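Some notes on the structure that comes next.
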Amino acid sequence: MRAGRTALMATLFGIAAATAQAQTGTTDTAGQPMSAIDWLSRSVEQPQVVLPVGTPLAVPPIGVPAVRGVTVPQIEIRPLSGPSADRVGLLPSSLTGLPAGIWAASDEVTLIELIGRERSESIPALQELLITLLLAEADPPLGAGPSAQLFLARIDKLLELGALDPARSLLLAADPASPALFQRWFDVALLTGTESEACEVMRDSPGLAPTYPARIFCLARSGDWDAASIVLFTGRALGDVDDETFDLLDRFLDPETFDGADPLPPPQRVSPLVFRLREAIGERLTTGQLPRAFAHADLSDIAGWRNQMEAAERLSRAGAVSGSTLQALYTARMPAASGGVWDRASAFQRFDVAVKSGDPVAVSNALPGVWAAMEEARIEVSFADLYREDLARLPLVGDGARLSLTIRLLSRDYEAAGALLPQSDPRDALLSGVAQGRLTGPVPRGIREQAVAAGFGSAPVPPEITALLTGGKLGEALLQTIMLFDEGLTGDPARITDALAALRAVGLEDIARRAALQYLLLDRDS
């Protein structure tokens, strides 16, 4: 098999050499859609000479001279026509409560810069607000064009957060028919194991001009291994496939030849396509040091239970997976070792069994251990929302009763929990007041407590936020407000006051209360 493949490839080098002479030059990456996410696969570039999937192969028999010249077809790629994708969203105003014009009065470049600067991990309430803004249906901003740069910035931030399912839905809603959108859709598909549909689109739309590695991957997935080999060696002969990529793809296409060979050296750059190819040749990369989006690949059974749990924790910290996903993974089987995530799974299972038993004493005894585990993983709010109803109906005892109230304050039941707090302690009174939106009594002297009390008191909205709101730039004002709160987390409590005052001024009372409670109750200095 290898001998015949080698002979065929030798012939192809002759064809490729003629093709290279016929070309006036190779396209560099200057025209390639640029992305703020530098790990995206370079799956789409300006035109290359790559056979579309399904094209009959006109390969001369061995021994027949190659053609003397090749005419390279001119492929033109135009921007999306019609309305800008910037207005596409998954959440209508009827669900978000935000007007359709949240971006309309703002400059597109300013919005893109602000979205890019937003932190990927913050207070959960503000992460939720950011994701809502990214998914909202809204009119395009000033200066928006058919290239939909704000839409791309929204997608890229979702990818940075690891929110791949919403990103995929948003891309499909916009119809990923341009190279820039298809590039992101293709990578989301690679990381979530749904690449078949993307490969079909690539086959039917050669104008997307996929690169050699993407085309080879999709040809092989469709079962056309010979065509994939032809494209690989053609790309190598033309100088469009570097040594590292060639070695990886060669092993992918002909694994039997490399059986027993030393593993490939670590890749210089890991993209979703490189990740999937490494997985396919049995040299799977660990995702712990890769961007958060890669953690989705560890949610599959192929990754092993420990990796699945650690990936779910990592994604949960950014609000990218639900508490039910955590619960399903933590309780999937009995821990096989101790330490780290194994101990967290054990503590979670003990608590979950106690809850299912309905025994208040058992739940009270198990609650401190599981809460310490959730604090260690920094996924307290996901846990709180997952078990808030159970904690509300069970009459816990001892320290468990007080801890139950604290946990419920971090959940969506915060208002009901706040009403149960004793008013004798100033800090409890403050927590109760924030939860119910009305502060009374003396304020504790702590820096955080003072900052929150001022935000729920008479503190004015910062002038820079007021100016944005006066100018009708609500979306821009909210992005700035999230950044103000994050600045407060890193050492400037006055910014917490400003952010809370701004959120309340625009009617986001629920976000303000939950953010304040999370600021007071969670250890989030960075």
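The values are calculated or read from the model by the stated rules, or taken from the named source; none is laboratory data. No experiment lies behind these values; they were computed from the predicted model shown. We place every Cβ from the backbone using ideal geometry, glycine too, and count neighbours over all the protein chains shown.
Observations on the structure shown:
- Annotation note: of R388, R393, the sole residue that is surrounded by fewer than 16 Cβ atoms within 10 Å (Cβ to Cβ) and either over 26 Å from the mean Cα position of the chain (by Cα) or among the aromatic types (F, W, Y) (or both) is R393.
- The criterion of at least 1 residues that are more than 20 Å from D492 (Cα to Cα) and not small (G, A, S) is met, among helices (runs of 4 or more DSSP H) falling completely within region 386-466, by 399-409, 414-419, 426-436.
- Positions within region 396-410 being in contact (Cβ under 8 Å) with a residue 12 or more places away in the chain and either under 14 Å from S432 (Cα atoms) or over 35 Å from the mean Cα position of the chain (by Cα) (or both), in sequence order: L396, V397, G398, D399, G400, A401, L405, T406, I407, R408, L409, L410
- Residue that is surrounded by the most Cβ atoms within 10 Å (Cβ to Cβ), among those in region 176-218 that are touching a residue at least 60 places away in the same chain (Cβ under 8 Å), out of contact with any Lys or Arg (no Cβ under 7 Å at 6 or more places or on another chain) and outside any helix (DSSP H, G or I): P210
- Exclusive hit being touching a residue at least 60 places away in the same chain (Cβ under 8 Å) and assigned to a helix (DSSP H, G or I), set V363, V381, V370: V381
- Residues in region 109-134 that are of a type outside the set (V, I, T), more than 20 Å from Q183 (Cβ to Cβ) and assigned to a helix (DSSP H, G or I): L111, E113, L114, R117, P124, A125, L126, Q127, E128, L129, L130, L133.
- Scanning region 203-244 for residues that are of a type in the set (G, A, S), within 24 Å of P267 (Cα to Cα) and under 26 Å from the mean Cα position of the chain (by Cα) gives a single hit, A214.
- Checking V321 against (1) at pLDDT 95 or above; (2) crowded, with 19+ Cβ neighbours inside 10 Å, the condition it does not meet: (1)
- Residues that are touching a residue at least 24 places away in the same chain (Cβ under 8 Å) and within 21 Å of A138 (Cα to Cα) within region 162-174 comprise A163, L164, D165, P166, R168, S169, L170, A173, A174, listed in sequence order.
- Residue within region 325-339 that is out of contact with any Gly (no Cβ under 7 Å at 6 or more places or on another chain), within 22 Å of L158 (Cα to Cα) and of a type outside the set (G, A, S) present: yes
- In this structure, L238 qualifies as farther than 18 Å from E279 by Cα, touching a residue at least 40 places away in the same chain (Cβ under 8 Å), buried (at least 16 other Cβ atoms within 10 Å of the Cβ) and not polar (S, T, N, Q).
- Within the set A138, A153, the sole residue that is aliphatic (A, V, I, L, M) and in a loop (DSSP other than H, G, I, E, B) turns out to be A138.
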